[in-house]
Amino acid sequence: MNKPLDGYIVADFSQLLSGPAATLRLADLGARVIKIEHAEQGDLSRSLYGESVPLCGDSAFFQAINRNKESVALNLKSAQGKAQAEAIIKQSDVVIHNFRPGVMDRLGLSFDALRDLNPNIVVGTISGYGNEGPWAKKPGQDLLVQSLSGFVWQTGSDTQGPVPVGLALADMFAGSQLVQGVLAALISNQSTLVEVSMLEAMLDFQFEPLTLFYQDGGQPVKRGNVNGAHPLVAAPYGLYKTQSGYLALAMGSISVLATLLGSDELAKFDDPTLWYPQRDEIKQVLVELLKTNTTSHWLSILEPADIWCAEILNWEQMVNHPGFKVLNMLQSVTSGNGHAYTTTRCPIRIDDQLLTSLKGAPTLGQHNQKVSEQFHA
């Protein structure tokens, strides 16, 4: 199938996660992504992440996020390497990088320099905290950004202290938002500098609690002490242990739950205005009740009544479930060294077609000769 970005070329100077997450999505949408890597060590994620899970000669992390790309290994501090990079840029539509502020300038590849090379270039950059202020030169690392953004106070219960999410959310959100900006810039059909910081991405992600913070006089976040899952949502919202596993309960009527579950104690909480301020007390009743039977038992009662609930699955249970299988979310790709591996596909469908590719992640410098022949320095 023809993909929306077929014919577009992306010169990708990014590494680790946020930038590569953006260029992965651009590649999924059809763009040719030429990954320009350090001549000797390549993208740091080839060895920095997932050291205990090697895959195709690099880390599994690198293989997962750099599929469907080409690799050119260049020394950007040498005249030859710089000239080759400039030749690629001249024929590219987009340049992506996630260096700390000032690094591209020192390499002679500032936005003005890139625009001089290519008057129509769209430049997308991701930083940790923006280009100004006391945090500008701090390392843009996901856990640090989660911590500085206040996000770690949104998860878990008050008794736990700050709780980070076990995924690199700041990186992935920043990458996703950069893609949005780049696509908008491509539509405008003029040279544009698109900038996203990981911190701003995390602040945007928290628009709901931050808006509330400025309306309620800056009250501290109260997550509750029993099964905390969302600091702004009343009981029964949370995860509950059962005899056979765990059950998730989303928003719902406590009175209806009391009737369905046959709980006189739960029925005492019949005032909806108290379901938020008394959420700990209500949840504790549910904790004691739901552990007396299995997840499947409770689902058989709650689901027919259209109560928002779900079994909590681990990865093994999830990938074997028909609900996962029907999505066709997996694809087999072949890395630059010829080894095949299973990974996820792009989650976007266009005209009911899946966006897939057989290309896995490249070996370091795999496409040097090909690119050199096509993009003459």
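At a glance:
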{"read-out": "Residue list for the stretch 130-155, filter: within 17 Å of the chain's Cα centre (by Cα), assigned to a loop (DSSP other than H, G, I, E, B) and surrounded by 20 or more Cβ atoms within 10 Å (Cβ to Cβ)", "value": "140, 149"}
{"read-out": "Long-range neighbours under 9 Å by Cβ, at least six apart or interchain, first residue closer than 24 Å to residue 297 by Cα within the stretch 256-277, second of a type in the set (Phe, Trp, Tyr)", "value": "258/269; 261/298; 269/275"}
{"read-out": "Filtered residue count, the stretch 196-239, keeping only those that are in contact (Cβ under 8 Å) with a residue 12 or more places away in the chain, more than 20 Å from residue 161 (Cα to Cα) and among the aromatic types (Phe, Trp, Tyr)", "value": "1"}
{"read-out": "Residue check, residue 18 surrounded by 18 or more Cβ atoms within 10 Å (Cβ to Cβ), polar (S, T, N, Q) and more than 20 Å from residue 370 (Cβ to Cβ)", "value": "yes"}
{"read-out": "All positions within the stretch 318-377 that are under 23 Å from the mean Cα position of the chain (by Cα), in contact (Cβ under 8 Å) with a residue 40 or more places away in the chain and exposed (fewer than 14 other Cβ atoms within 10 Å of the Cβ)", "value": "344, 348, 353"}
{"read-out": "Candidate set: the stretch 137-147, residues that are modelled with pLDDT of 95 or more and touching a Pro at 6+ places or on another chain (Cβ under 9 Å); chosen: the one nearest to residue 93 (Cα to Cα)", "value": "142"}
{"read-out": "Qualifying position, being closer than 17 Å to residue 311 by Cα and either hydrophobic (A, V, I, L, M, F, W, C) or in a helix (DSSP H, G or I) (or both), among 235, 248", "value": "248"}
{"read-out": "Within the stretch 309-377, helices (runs of 4 or more DSSP H) holding 1 or more residues that are of a type outside the set (A, V, I, L, M) and closer than 24 Å to residue 26 by Cα", "value": "368-374"}
{"read-out": "Residue match in the stretch 183-194 (condition: modelled with pLDDT under 95, closer than 26 Å to residue 312 by Cα and either surrounded by fewer than 21 Cβ atoms within 10 Å (Cβ to Cβ) or of a type in the set (S, T, N, Q) (or both))", "value": "no"}
{"read-out": "Any pair with Cβ under 9 angstrom, 6 or more apart, that starts in the stretch 160-171 at a residue that is over 16 Å from residue 205 (Cβ atoms) and ends at one that is surrounded by 13 or more Cβ atoms within 10 Å (Cβ to Cβ) and charged (D, E, K, R)", "value": "160/223"}
{"read-out": "Failed condition for residue 165, given (1) of a type in the set (Val, Ile, Thr); (2) over 30 Å from residue 286 (Cβ atoms); (3) within 19 Å of the chain's Cα centre (by Cα)", "value": "(2)"}
{"read-out": "Within the stretch 1-93, helices (runs of 4 or more DSSP H) holding 3 or more residues that are modelled with pLDDT of 95 or more and closer than 26 Å to residue 356 by Cα", "value": "18-28"}
{"read-out": "Residue check for residue 28: surrounded by 21 or more Cβ atoms within 10 Å (Cβ to Cβ) and touching a residue at least 24 places away in the same chain (Cβ under 8 Å)", "value": "yes"}
{"read-out": "Subset tally (residues that are under 20 Å from residue 229 (Cβ atoms), surrounded by 15 or more Cβ atoms within 10 Å (Cβ to Cβ) and over 34 Å from the mean Cα position of the chain (by Cα)) for the stretch 282-307", "value": "2"}
{"read-out": "Of all residues in the stretch 101-129 being outside any strand (DSSP E or B) and either touching a Pro at 6+ places or on another chain (Cβ under 7 Å) or among the acidic types (Asp, Glu) (or both), the one that is nearest to residue 91 (Cα to Cα)", "value": "116"}
{"read-out": "Residue count for the stretch 311-359, restricted to those that are under 30 Å from residue 238 (Cβ atoms) and of a type in the set (D, E, K, R)", "value": "3"}
{"read-out": "Selection within the stretch 261-279 - of a type in the set (Lys, Arg) and assigned to a loop (DSSP other than H, G, I, E, B)", "value": "268"}
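Each row is one residue, and each column tells you yes or no for (1) of a type outside the set (Gly, Ala, Ser); (2) surrounded by 20 or more Cβ atoms within 10 Å (Cβ to Cβ); (3) farther than 21 Å from residue 267 by Cα.
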{"position": "210", "(1), (2), (3)": "yes, no, yes"}
{"position": "227", "(1), (2), (3)": "yes, yes, no"}
{"position": "233", "(1), (2), (3)": "yes, no, no"}
{"position": "239", "(1), (2), (3)": "yes, no, no"}
{"position": "243", "(1), (2), (3)": "yes, no, yes"}
{"position": "246", "(1), (2), (3)": "yes, no, yes"}
{"position": "249", "(1), (2), (3)": "yes, yes, no"}
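The rows are residues; the columns are (1) surrounded by fewer than 20 Cβ atoms within 10 Å (Cβ to Cβ); (2) touching a residue at least 12 places away in the same chain (Cβ under 8 Å).
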site	(1), (2)
72	no, yes
77	yes, yes
89	no, yes
98	no, yes
107	yes, yes
113	yes, no
119	yes, yes
125	no, yes
128	no, yes
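The values are calculated or read from the model by the stated rules, or taken from the named source; none is laboratory data. Only a predicted model underlies this, so the values are computations on that prediction, with no experimental measurement involved. Here Cβ is always computed from backbone atoms with ideal geometry, including for glycine, and neighbour counts include all displayed protein chains.
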